[in-house]
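Heads up: the structure comes next, in structure tokens.
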Amino acid sequence: MTAVEELPELTFVRPLPGFGDLRRFVLVDLAPEGAGDEPVLFELRSLEDPAVRFLVAAPAAFFPEYGFELDETDCAALGLGDEADALVLVLLTLGREAGPTTANLLAPVVVNARTRAAAQIILAGTDWPVQADVVASAPSAL
């Protein structure tokens, strides 16, 4: 297991809604060692409160049609000048009992991969759902 000190630290430019002033997180790749493919599932773990953890995923693995435009204010807050520097993650909620795992497509986490500045962005003017079922044909890591 990789030590927390060796993991990429993300700094949220504003706290995640409902989580006080927590701004420092690490992104832990949950793929088994030697998986080889692009990472899909991650744990977003608070460095300030280890009990705060989120399951996040690269949306393209589950929702290939997913896309959106960031407004100038969000780009400026993250220091994003190039679309290629944006890493987009969606928060997952594991289904209870027989319920499906869902992804929040309305409020993705966007990370500037170069500076590691991050923010949860609530998309305006879109109909992406807060709870989109993660399809069964997706990677079996769920």
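Structure notes:
- Considering only A117, A77, A107, the mean-square fluctuation computed in a Gaussian network model of the chain, springs between alpha carbons under 10 angstrom, is largest for A77.
- For the chain, the spherically averaged projection of the C-alpha convex hull amounts to 9.3 nm².
- Residue-wise HN-Hα coupling along the stretch 114-123, computed from phi with Karplus coefficients 6.51, -1.76, 1.60 (Hz; x: Gly, Pro): 6, 9, 6, 6, 9, 7, 8, 10, 8, 6
- Heavy-atom accessible surface of the chain: percent carbon and sulfur, 1.4 Å: 51 percent
- Counting only DSSP H runs of at least 4 residues, each contributing -39500 (n - 2.57), and dividing by the residue count of the chain, the helix-based mean residue ellipticity at 222 nm comes to -1000 deg cm²/dmol.
- Highest-MSF residue in the chain out of A119, A84, A60 [GNM, Cα springs under 10 Å]: A84
- Taking the inverse of the mean reciprocal distance over all distinct Cα pairs, the Kirkwood hydrodynamic radius of the stretch 79-134 comes to 12.4 Å.
- Heavy-atom accessible area per residue - the chain, 1.4 Å, Å²: 59 Å²
- Most fluctuating residue given options V109, V88, V52, as computed from a GNM of the chain linking Cα atoms under 10 Å: V52
The values are calculated or read from the model by the stated rules, or taken from the named source; none is laboratory data. Since the model is a prediction, treat every value here as computed from it, not as a measurement. For accessibility, only protein heavy atoms count, side chains too; no ligands or nucleic acids. Shrake-Rupley method; radii C 1.70, N 1.55, O 1.52, S 1.80 Å.
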